[in-house]
Amino acid sequence: MFEVLPQLAPDPILGLSVAYREDSNPDKIDLGVGVYKDEKGNTPILNSVAKAQRILLDRETSKTYITPQGNQGYIDGMLSLLLGEQSRVLMANRVAAVQAPGGCGALRILSELLVRCSAKTKVWVSDPTWANHIPLIGSSGLQLETYPYFNKAATGINFDAMLETLKKTEKGDVVLLHGCCHNPTGADLTNAQWDAVLEVAQERGFLPFLDVAYLGFGDGLEEDAYGVRLMAENLPEVIIAASCSKNFGLYRERVGLAAIITENSQTRQIAQGQIQSVARGIYSMPPSYGGALVDIILADEGLKHEWVSEVNAMRNRMQTLRAMLVDKLEENGAQRDFSFLNTQKGMFSFLCITPEQVLEVREKHSVYFVESSRVNIAGINQQNVDTLAKALVSVL
Ligand SMILES: Cc1ncc(COP(=O)(O)O)c(C=O)c1O
């Protein structure tokens, strides 16, 4: 039966990890897969998470199923983080939400919910966007369109072109926006640009679909929520897919949140029932463990404080690494100005070099990152930054 299916090419990012593992060069550098790494190249379990695991071990008395909706303490904690403790939409009971298996799970079930509203819905995604947005959203049957976002030649956001395209959207269209730390470019909207996008959303009536996978990795947990909160507080309807993979370091536990802000509390009830039914039809109920840990952390003042400090430390480290790379590139004689890297946010940056240069630096210097020139900033450290800068300068 399966012989009718075509052989697929390996996933480019996972293929890159295999090539990296097989490379015998002791000075090889991995800037491919998007996971946070510490100075030693490890992806650690956060201290706050390790403590929550011990508490959960003592507290958990059953492994029976949780509900399709998930852990309510987790959902409430996440909604406060995303929308703010004083959120008017939360107080007005206008938010439906479920715990989802990772940010990917949230993106997919929200897409399936949109299909239930209308299979003809158009979803506008940024050019470029995270590669997995295309299958996660597109495979549900929704029609994908792109809006201009990043101009490689100008090493920044092409905001005028983005707005111009958004002004052509129609009522009922959906616009996917990265809440913060745009993947793959690291180029984020300023608050004034968010304000302008809101105005267009109000004028045109599109539905913002916010993907928030890196809250706290940009400027701070509160600061990074600017766009999400602005849309939530000023529009009748907004949908949000959030992930705890990066900021809680819970990648393998698969914990995320799908939230729907509705026009009123009656519609909230409809949306809540529908999103649970979507989830029931795909995976029945989410895994419990990651959500239980986040619930424990966010409900305990001491643990929450520790977690916030850990998020701040990860963010500050990545900002330092960006600055170090920019300095080292200059020190090693780069003819181009790379200071734009310092203005980018989160785990990723576009180096804005050509695919040929990316391949050359991989083949000659064992530096691994994807052809778009997206690098995982967290893969840089004090030991490898000079080697990296020299390798990059040699192919410029
Ligand atoms: C932009 C973006 N959205 C969503 C996700 C989903 O992450 P996960 O499913 O691991 O929670 C990621 C992960 O890399 C991402 O980069």
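The values are calculated or read from the model by the stated rules, or taken from the named source; none is laboratory data. This one's a predicted model, so the numbers in the text were calculated from it and none came from an experiment. Neighbour counts run over all protein chains shown; Cβ positions are idealised from the backbone, glycine included. Just so you know, the surface numbers come from the protein's heavy atoms only, side chains and all, with ligands and any DNA or RNA stripped out. Shrake-Rupley method; radii C 1.70, N 1.55, O 1.52, S 1.80 Å.
Things to note:
- Per-pair calculated FRET efficiency, R0 = 35 Å: Gln86 and Val35 via Cβ, rounded to 0.05: 0.55
- Near Leu207, the amide H atoms lying under 5 Å from its own belong to Gly172, Asp173, Val174, Val175; only residues 5 or more places off or on other chains count, and H is placed 1.01 Å from N.
- Between Ser339 and Asn316, the modelled labels are 2.4 nm apart [label points 7 Å from Cα along Cα→Cβ].
- Intensity falloff of the range 49-299 expressed as log10 I(q)/I(0), Debye formula with alpha-carbon point scatterers, at q = 0.10, 0.11, 0.13, 0.16 Å⁻¹: -0.45, -0.55, -0.77, -1.18
- FRET E, pair Asp27, Leu56, Förster distance 35 Å, beta-carbon r, rounded to 0.05: 0.30
- Relative contact order for the chain, counting Cα pairs under 8 Å that sit 6 or more residues apart, in percent: 26
- Solvent-accessible area per residue, Å², over the range 147-212 with all protein chains present [probe radius 1.4 Å]: 37
- A run of the chain free of exposed loop cleavage sites, with GluC sites (Glu not before Pro) counted only in DSSP states other than H, G, I, E and B and at most 15 other beta carbons within 10 Å, reaches its longest extent at 264-370.
- Taken along the Cα-to-beta-carbon direction at a fixed 7 Å, the label points for Asn151 and Glu356 span 2.4 nm.
- Charge dipole (debye, nearest 20) of the chain; +1 at Cβ of Lys and Arg, -1 at Cβ of Asp and Glu: 780
- Note on the range 194-265: dipole from Cβ charges, positive end direction compared against Asn234, Val197, Pro208; the farthest Cα belongs to Pro208.
- Mean separation of Cα contacts under 8 Å (6+ apart) over length of the range 144-267, as relative contact order %: 20
- Solvent accessible area, Å² - Tyr36, 1.4 Å probe, full protein context: 20
- Projecting the Cα atoms of Leu388, Gln269, Ala96 onto the charge dipole of the chain (Cβ charges, centred on the Cα centre) puts Gln269 farthest toward the positive pole.
- Loop-located trypsin sites (Lys or Arg not before Pro) in the range 1-88 (DSSP state other than H, G, I, E, B) with a sparse environment of at most 11 neighbouring Cβ atoms within 10 Å: Lys40, Lys63.
- Between Asn332 and Leu8, the C-beta separation translates, for a Förster distance of 35 Å, into a calculated FRET efficiency of about 0.30.
- Extension reserve of the Glu170-Ser139 stretch, reckoned as 0.36 nm per residue once the Cα distance is removed: 9.0 nm
- Top positive-direction residue, dipole computed over the range 1-49 with Cβ charges, set Gly34, Asn47, Tyr20: Asn47
- Fully extending the segment from Ala161 to Lys120 would add 12.3 nm, taking 0.36 nm per residue of separation and subtracting the current Cα-Cα distance.
- Taking the empirical scaling 2.2 N^0.38 Å for compact globular proteins as reference, the range 36-109 has a Cα radius of gyration ratio of 1.40.
- Cα centroid separation, the range 40-90 to the range 323-396 (Å): 36
- The range 9-26 - phi-based ³J(HN,Hα) in whole Hz, Karplus 6.51/-1.76/1.60, Gly and Pro as x: 5, x, 4, x, 6, 5, x, 5, 5, 5, 4, 4, 4, 7, 6, 8, 4, x
- With both residues required to sit in the chain, DSSP beta bridges show an antiparallel share near 45%.
- Listed pairs Lys37/Lys364; Lys37/Lys63; Lys120/Lys152 exceeding 28 Å between Cα atoms: Lys37/Lys63; Lys120/Lys152
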